[in-house]
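The values are calculated or read from the model by the stated rules, or taken from the named source; none is laboratory data. As the structure is a computational prediction, the values presented were derived from the model and not from experiment. Please note: Cβ atoms are built from the backbone with ideal geometry, for glycine as well, and neighbour counts cover all protein chains shown. To get the accessible areas, we keep the full protein, side chains included, count just its heavy atoms, and leave off ligands, DNA and RNA. Shrake-Rupley method; radii C 1.70, N 1.55, O 1.52, S 1.80 Å.
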Amino acid sequence: MLPLFTSAGFASAEQGLELLTVKPDGEGGETYSTPIQILLIMTVLSLLPTALITMTSFTRIIVVLSILRQALGTTTTPSNQILVGLALFTSIFIMSPVFERAYDAGLKPYMEEQMPFTEAMQAASVPLREFMLNQTRENDLSMFAEMAGIEALEKPEDAPFSVLLPAFVTSELKTAFQIGFMIFIPFLIIDLVVASVLMSMGMMMLSPILISLPFKIMLFVLVDGWSLIIGTLASSFYT
């Protein structure tokens, strides 16, 4: 039995590992074998949560919702699970046109064996790059390009992905804090008014937050705050 396995091992070594091969496609590119493609797909899937957070609208939405909860003064309501779920499904709603374009451009031709794996990945990344470029500030892009040693970009589309991704996240954080500031102002005014009234009445031992909380909730409900916030966030990506 041992000689049989030994001879089989030598035979496979002489023929080479056919499962792990990279062959030229005749057009100047390369074609990966199926196991390598599966390995690359599994690697992409393992990075999917990180990509969802940093490459979509998720960052802006979750930061704004967190600031909103702080402005209302309800430190644990809604819970983190509810905020993350709301941000996740709102991001899916916002990104659905981008995902559909990426599917039609890259994934669908690859599944129908009309396009090699590398070309399919490049084609699928084009709609996502366009979305990220539309939301990235030029000064942030220029800053990271300069830090990467790129002297000058003729146009933003020429920026490598390693430069585009941190510039996009930085721009999203900046935009989220700007929106959060505008949301915070009305609730801050309510807190100041309530604190001033309590001070004038001599009720210094009574917490102003406890008194202002019902007024802030009432104001938020009267203006239909959740629909207003979510609608504004969704429209901010396509204006």
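For first residues located in the range 95-107 and closer than 13 Å to Glu130 by Cα, partners that are open to solvent by 20 Å² or more (accessible area, probe 1.4 Å) and of a type in the set (D, E, K, R) and lie 6+ apart or on another chain with Cβ distances below 9 Å form the pairs Val98/Glu130; Arg101/Glu130. Of the candidates Leu133, Leu141, the single residue that is aliphatic (A, V, I, L, M), touching an Asp or Glu at 6+ places or on another chain (Cβ under 7 Å) and at pLDDT 85 or above is Leu133. Taken over the range 133-152, the residue count meeting the criterion of being touching a helix residue (DSSP H, G or I) at 6+ places or on another chain (Cβ under 6 Å) and open to solvent by 50 Å² or more (accessible area, probe 1.4 Å) is 2. Of everything in the range 149-178 that is assigned to a loop (DSSP other than H, G, I, E, B) and among the acidic types (Asp, Glu), the residue that is farthest from Ala87 (Cα to Cα) is Glu151. Taken together, the residues in the range 217-239 that are in a helix (DSSP H, G or I) and open to solvent by less than 60 Å² (accessible area, probe 1.4 Å) amount to 8. Restricting attention to the range 153-182, the residues that are open to solvent by less than 80 Å² (accessible area, probe 1.4 Å) and free of Cβ contacts under 8 Å to residues at least 40 places away in the same chain total 12. Each residue in the range 205-216 was checked for being surrounded by fewer than 16 Cβ atoms within 10 Å (Cβ to Cβ) and modelled with pLDDT of 80 or more, and 2 of them qualify. Here's a check for you: in the range 79-111, which residue that is open to solvent by less than 60 Å² (accessible area, probe 1.4 Å) and at pLDDT below 85 is farthest from Tyr238 (Cα to Cα)? Result: Tyr110.
Counting only helices (runs of 4 or more DSSP H) wholly contained in the range 55-146, the ones carrying 1 or more residues that are of a type outside the set (Lys, Arg) and within 30 Å of Phe220 (Cβ to Cβ) occupy 58-72, 80-102, 117-135. A Cβ distance below 8 Å, combined with a sequence gap of six or more or placement on separate chains, defines the contacts here; from the range 119-132, residues that are farther than 14 Å from Glu157 by Cα reach residues that are open to solvent by 70 Å² or more (accessible area, probe 1.4 Å) in the pairs Ala120/Leu107; Ala124/Tyr103; Ala124/Leu107. Residue pairs whose Cβ atoms lie under 9 Å apart, separated by 6 or more positions or on different chains, with the first residue in the range 209-232 and under 26 Å from Thr59 (Cβ atoms) and the second of a type in the set (Gly, Ala, Ser), are Lys216/Ala71; Lys216/Gly73. Which residues, taken from the range 183-204, are surrounded by fewer than 12 Cβ atoms within 10 Å (Cβ to Cβ) and within 30 Å of Asn134 (Cβ to Cβ)? Hit for the range 183-204 is Ile185, nothing else.
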